[in-house]
Amino acid sequence: MFGRDGSSATAGRARSTNGRFTGDDLDRLVRAAGQDDQAAVARLVHVLRLVVARYCRALLGGRDLAYLSADDVAQNVCAAVLRALPGHRDRGGSFLHLVHEIAADKVADACRIVAGDRFGTGTGQPAALSRLAPLQREILALRIVVGLSVGETAEMLAIPAADVRAIQHRALAELREALRDRDC
């Protein structure tokens, strides 16, 4: 789940014997961190920091945020996730979905802050991307920039994997058409 950098591997691929980080590993880590195991909290932050920073950079990276960077937003996401840990155990559901919800809210907050400071001067996204629906942009960011699998993206967004594939396919087709229109 946590990227292509090799330091932590994709959850859901049950290969803990070869050093890969699995979904079960994440579940155990989240339970331990939720019980205030400080070593587990530190490991969870380390694991989350990479994927959350990549996610924030994907959505905010092209913007000049002046005093607010994507890495600052990612740090705020990690802090909010840690605050939400004790309640997560009681609510059930996917931990990845919780992380995504918090990250999406923090990114939206950052965009509102910047837009308010600049009197709403645009989205900061390339024109082709601005044509896409928010869910299409979200799926492309998670799949292409963050590097999540279809299953991980589906879990994070709480939608069926088939929908992720279909939405990604439509989004890429729309981007191709937008780029063709631009070249004409």
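Points to keep in mind about this one:
- Scope region 22-45; condition open to solvent by 60 Å² or more (accessible area, probe 1.4 Å) and of a type in the set (Asp, Glu); matching residues: Asp24, Asp27, Asp36, Asp37
- Of all residues making up region 125-156, the number that are surrounded by 14 or more Cβ atoms within 10 Å (Cβ to Cβ) and of a type in the set (Ser, Thr, Tyr): 2
- Scan region 72-94 for residues that are open to solvent by 10 Å² or more (accessible area, probe 1.4 Å) and either in a helix (DSSP H, G or I) or modelled with pLDDT of 85 or more (or both) and the total you get is 15.
- Residue pairs whose Cβ atoms lie under 6 Å apart, sitting 6 or more positions apart in sequence or on different chains, and linking a residue in region 157-184 that is open to solvent by 80 Å² or more (accessible area, probe 1.4 Å) to a partner that is at pLDDT 90 or above, are Arg165/Val150.
- Ser69 being at pLDDT 75 or above, closer than 18 Å to Glu138 by Cβ and over 12 Å from the mean Cα position of the chain (by Cα): no
- Hey, Thr17 open to solvent by 10 Å² or more (accessible area, probe 1.4 Å), modelled with pLDDT under 55 and part of a helix (DSSP H, G or I) or not: yes
- Filter pass, Ala9 being of a type in the set (A, V, I, L, M), modelled with pLDDT of 90 or more and over 23 Å from Gln136 (Cα atoms): no
Residue-wise test of (1) touching a Leu at 6+ places or on another chain (Cβ under 8 Å); (2) on the phi > 0 side of the Ramachandran plot; (3) at pLDDT 80 or above; (4) of a type outside the set (Val, Ile, Thr).
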site: His97; (1), (2), (3), (4): yes, no, yes, yes
site: Gln125; (1), (2), (3), (4): no, no, no, yes
site: Ala133; (1), (2), (3), (4): no, no, yes, yes
site: Ala154; (1), (2), (3), (4): no, no, yes, yes
site: Ala166; (1), (2), (3), (4): no, no, yes, yes
site: Glu174; (1), (2), (3), (4): yes, no, yes, yes
site: Asp181; (1), (2), (3), (4): no, no, no, yes
site: Cys184; (1), (2), (3), (4): no, no, no, yes
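- Answer residue from region 20-66, given it is among the hydrophobic types (A, V, I, L, M, F, W, C) and modelled with pLDDT under 70 and is farthest from Arg112 (Cα to Cα) among those: Ala66
The values are calculated or read from the model by the stated rules, or taken from the named source; none is laboratory data. Keep in mind that what you see is a predicted model, and the values were worked out from it rather than measured. Counting neighbours? That spans all protein chains shown, and the Cβs are built from the backbone with ideal geometry, glycine included. Surface accessibility is based on the protein's heavy atoms, side chains included, excluding ligands, DNA and RNA. Shrake-Rupley method; radii C 1.70, N 1.55, O 1.52, S 1.80 Å.
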